Amino acid sequence: MTNIENNDNSNESVHKKWISPDHFGLPDIGSHFLFWPIVIFGIMADLWSKHAVFVFLDTRVSEGYEYSVIDGFFKLVMRENSGAAFSIASGRTVMLISVSLVAFVIVLGLFLFGKIRGRLMPIGLALFTAGIVGNLYDRIFNDGYVRDFLDVYYKDHHWPAFNVADSMLCIAVGLLIITNLMSGSSEKPDLPQTEEL
């Protein structure tokens with residue numbers, strides 16, 4: 001009788017292990033609660049900010065479609081970019097849409113099946129996803145042009161205009177680098193200690 005009960009318990013534990021999300025490398029519930037709200041909020045923030053700033057500059061600013069926020073450092077502008085960062089691949093809309101779609105699938109796949117650990121990784125992947133989708137929306141529904149409106153500059157030196165989606169992509173890269181560095185340092189094997197003679 002005892003052997004039968006032990007077999008039942010072992011079968012039950014094997015079954016639980018088999019259906020556990022960890023068995024398939026799936027993210028836990030906490031990662032989902034981080035990932036999806038950030039993705040949704042990030043996309044909404046990007047699209048709303050683009051629309052709001054462009055409407056503001058188009059209807060309330062009389063000249064130049066620019067509005068100074070911090071004189072000599074930061075202003076709102078109306079820019080449309082048909083390329084990627086720094087206008088790379090300008091005008092190649094189909095290629096850029098294809099690259100964005102592939103990137104979206106890869107990042108989503110990393111979140112779902114990449115056996116991610118910790119909390120920084122899902123946050124970084126969520127920001128990556130929101131940034132990709134925000135600019136992808138523009139490429140598809142704005143004749144291939146991405147709307148940029150943030151202009152940081154010093155005297156005559158201007159950083160290329162960018163938007164909220166670009167900011168999320170940059171933050172995501174930083175978080176992923178930090179996560180990889182932290183995981184790499186935590187996985188360093190302890191060196192064997194030798195006795196001094």
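Of the numbered criteria (1) crowded, with 19+ Cβ neighbours inside 10 Å; (2) modelled with pLDDT of 95 or more; (3) not hydrophobic (A, V, I, L, M, F, W, C), the one Tyr153 fails is (1). Listed conditions (1) more than 11 Å from Phe149 (Cα to Cα); (2) touching a residue at least 12 places away in the same chain (Cβ under 8 Å); (3) of a type in the set (Ser, Thr, Tyr) are all met by Ser49, apart from (1).
Scanning the stretch 47-103 for residues that are in a helix (DSSP H, G or I), at negative phi, among the hydroxyl-bearing types (Ser, Thr, Tyr) and surrounded by fewer than 16 Cβ atoms within 10 Å (Cβ to Cβ) yields a total of 2. If you filter the stretch 25-39 down to residues that are over 18 Å from Phe128 (Cβ atoms) and either among the basic types (Lys, Arg) or in contact with a Lys or Arg (Cβ under 9 Å, 6 or more places away or on another chain) (or both), you find that the one that is modelled with the highest pLDDT is Gly30.
In the stretch 169-191 there is at least one residue matching the filter, namely being acidic (Asp, Glu) and either at pLDDT below 95 or assigned to a loop (DSSP other than H, G, I, E, B) (or both). Among the criteria (1) crowded, with 20+ Cβ neighbours inside 10 Å; (2) under 18 Å from Gly83 (Cα atoms), the one Gly124 does not fulfil is (2). Between Ser90, Ser98, the distinction of being modelled with pLDDT of 95 or more, more than 22 Å from Ile38 (Cα to Cα) and small (Gly, Ala, Ser) belongs to Ser98 only.
The values are calculated or read from the model by the stated rules, or taken from the named source; none is laboratory data. Source: prediction; values computed, not measured. All Cβ positions, glycine included, derive from the backbone under ideal geometry; neighbour counts span all protein chains shown.
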